[in-house]
Amino acid sequence: MTTPDRIKVPAIFWLGTDRLNIRRSELLRAARLPVMAGRDDAIMTTAQFFALWHGLEILKGPDVGLAMSTGLHGANMPPSFLAAYYARDLGDALARVARFKTLCAPEEMRIEVQGEACHVTIRWLHAPDAVPEALTDATMAALLDLAVTGTGMAIRPLHMKRRGAPNPFTTAHFQCPIHWHSDADCITFHAADLGCEFASYNNDLLALLDQGLLQLDKLRVSATLTDQVRWLLRRNLTAGRPELSSIAQELSMSQRSLQRHLSEQGHSFQSLLSDVRHKLARDYLTQPSHEIAEIAYMLGYNDHGSFYRAFRKWEGKPPAEWRATQSAPCCSSSKADAEFVHGS
């Protein structure tokens with residue numbers, strides 16, 4: 001299955017910018033991204049995520065990736081690293097990070113053991129251009145910190161390969177030979193270090209985390225193209241009416257192919273868009289805190305009239321009248337999420 005080009009910015013990213021006294025509005029301006037990209041639940045493309053990191057480089061300089069990764073531990077870590085800290089040993093921890101990245105992001109972490117070396121290569125599957133050096137710094141610094149903190153040992157890389165130009169901050173931080181202007185971004189550990197046990201190893205907790213990953217893996221394998229389109233439509237609506245071209249791009253296929261595959265599953269792009277809007281409209285209207293004008297905006301309508309006409313077509317009455325017939329909120333966000341996954 002093709003990995004969709006979508007990224008949810010982890011909470012730890014915004015914690016890092018707060019620690020560096022970078023306001024979100026300031027970063028978004030530097031990155032030339034819309035205000036909506038600064039929301040906690042924002043979903044981005046790889047190009048937009050790279051733009052965020054380029055914005056950080058503009059604001060704070062070439063060592064910002066290392067600064068972002070310093071001192072960020074605990075419950076705010078992304079699930080991939082949080083689970084890895086409770087792994088059996090370094091080899092197990094790296095494998096867990098690699099698996100989670102494959103499941104949840106358009107990022108690949110390949111682990112290869114050759115003789116006395118263990119090569120960990122990072123690759124972004126939808127990279128529009130060169131990966132920001134600050135992002136690569138932060139990723140590799142997080143892997144090194146995982147090794148050092150988990151084992152309690154002064155583990156150092158055997159060597160590194162980097163696509164970018166020499167950076168003295170990177171050299172000072174990793175304290176190992178670095179081959180610059182390389183064809184890949186790779187950090188190499190001593191293979192013998194893979195067996196170093198983690199002091200925080202917790203088999204019971206890992207069993208729970210593994211169960212969650214298994215469910216995520218099943219969803220990824222079983223989700224139909226229709227499910228993916230529903231998910232993307234829901235996430236993109238607040239930025240305006242989603243277009244076929246943008247959804248096709250996120251799914252890494254042509255518009256014609258997307259239309260053909262949806263037709264084979266008994267749907268069309270327009271029917272899915274209408275269905276997603278209908279379900280969300282019902283959910284939002286059962287929440288008194290949402291004004292009808294706000295709901296029209298969240299559903300991607302350019303004017304209130306268009307929303308009123310669509311809702312009357314769905315339910316046979318205007319939104320305010322339908323809302324009045326609902327005695328109490330009955331559709332939780334989790335229920336709505338399930339409807340969108342299963343298309344019920």
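Each value in this text was obtained by applying a stated rule to the coordinates, not by laboratory testing. Everything numeric in this text was worked out from a predicted model, so none of it was measured. Using ideal geometry, Cβ is built from the backbone for each residue, glycine included, and neighbour counts are taken over all protein chains shown.
Beyond 22 Å between alpha-carbons counts as too far, so tell me which of K279/K313; K101/K279; K279/K317; K8/K101 fall in that bin.
Going by Cα-Cα distance, K101/K279 fall outside the 22 Å limit.
With a/c under 1.5 counting as rounded, go ahead and sort the range 7-216 into rounded, prolate or oblate using the C-alpha gyration tensor (a ≥ b ≥ c being the square roots of the eigenvalues; past the cut-off, prolate if a/b is larger than b/c, else oblate).
Cα axes put the range 7-216 in the oblate bin.
Report, ordered by chain and residue number, the aspartates and glutamates lying within cross-link reach of K60, taken as a straight Cα distance under 20 Å and ignoring same-chain residues fewer than 8 apart.
Candidates past the 8-residue exclusion: D18, E26, E133, D137.
With viscosity set to 1.002 mPa s and temperature to 20 °C, compute the Stokes-Einstein D of the range 84-153, Rh being the Kirkwood radius across alpha carbon pairs; µm²/s, no decimals.
D = 165 µm²/s.
Which peptide among 194-201, 302-309, 271-278, 91-98 comes first, and what is the full order, when sorted by highest mean count of other Cβ atoms within 10 Å?
In decreasing order of mean packing, 194-201, 302-309, 271-278, 91-98 become 91-98, 271-278, 194-201, 302-309.
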